[in-house]
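This structure is in structure tokens; I'll ask about it shortly.
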Amino acid sequence: MTTAPKPSGIPPMPERNPKALRAAIAEHAPQLLPDFDAHWKRAIADTYDLAPVPAFLARWWTEFALARDPELDKRVLQLEAEAADAADNATAMALLEQAAHLRREAGKAEPGR
């Protein structure tokens, strides 16, 4: 179950389960839905193996946390693009570390926040 977006316009995180996350993605970040569904089918549904569910949920939790905040998502993509165009490895690594930090922080979002 999702709730209304916060006053900032950023929708809150759903309950931490695949069904609630899928509903939130469908409502607030539908561009992610085809990849979410394909990944679920390939990793979980077609294999009848529930062992990958925690990793699946962690990945898509972070993807939704970024997608629900367009400015944050834009910043991460910008850092990654700058890293790809960097003239040297040290600069590229520093940019990727910044992007990774933002991804990790986004992934820490709690349900309802």
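Of all residues in region 72-113, which are touching a Leu at 6+ places or on another chain (Cβ under 8 Å), among the small types (Gly, Ala, Ser) and free of Cβ contacts under 8 Å to residues at least 40 places away in the same chain?
Selection gives Ala83, Ala86, Ala99.
Which one of the conditions (1) among the small types (Gly, Ala, Ser); (2) outside any helix (DSSP H, G or I); (3) surrounded by 12 or more Cβ atoms within 10 Å (Cβ to Cβ) does Gly9 fail to meet, given that it meets all the rest?
Result: Gly9 fails condition (3) only.
Separate question: Starting from region 1-29, keep only residues that are small (Gly, Ala, Ser), then list their pairs with residues that are surrounded by 17 or more Cβ atoms within 10 Å (Cβ to Cβ) and modelled with pLDDT of 95 or more whose Cβ atoms are within a distance under 7 Å, requiring at least 6 positions of separation or different chains.
Ala20/Pro14; Ala23/Pro14; Ala24/Pro11; Ala24/Pro14; Ala24/Phe64; Ala29/Phe64; Ala29/Ala67; Ala29/Arg68
Could you please find all residues in region 46-65 being small (Gly, Ala, Ser) and either over 17 Å from Ala20 (Cα atoms) or not in a helix (DSSP H, G or I) (or both)? Spell out the reasoning first.
Here is the first cut: in region 46-65, the residues small (Gly, Ala, Ser) are 51, 55, 58, 65.
Once the filter is applied, which keeps residues that are small (Gly, Ala, Ser) and either over 17 Å from Ala20 (Cα atoms) or not in a helix (DSSP H, G or I) (or both), region 46-65 yields only Ala51.
Condition first: at pLDDT 95 or above, over 14 Å from the mean Cα position of the chain (by Cα) and basic (Lys, Arg). Can you find one or more residues in region 22-29 that meet it?
No.
Quick check on my filter: what residues within region 30-57 are of a type in the set (Asp, Glu) and either modelled with pLDDT under 95 or farther than 24 Å from Asp69 by Cα (or both)?
Asp46, Asp49
In region 68-112, what residues are under 16 Å from the mean Cα position of the chain (by Cα), assigned to a loop (DSSP other than H, G, I, E, B), of a type in the set (D, E, K, R) and loosely packed, with under 13 Cβ neighbours inside 10 Å?
Scanning region 68-112 gives Lys108, Glu110.
Within region 27-41, which residues are part of a helix (DSSP H, G or I) and surrounded by 12 or more Cβ atoms within 10 Å (Cβ to Cβ)?
Glu27, His28, Leu32, Leu33, Asp35, Phe36, Asp37, His39, Trp40
The values are calculated or read from the model by the stated rules, or taken from the named source; none is laboratory data. This structure is a prediction, so every number in the text was calculated from the model and none was measured. All Cβ positions, glycine included, derive from the backbone under ideal geometry; neighbour counts span all protein chains shown.
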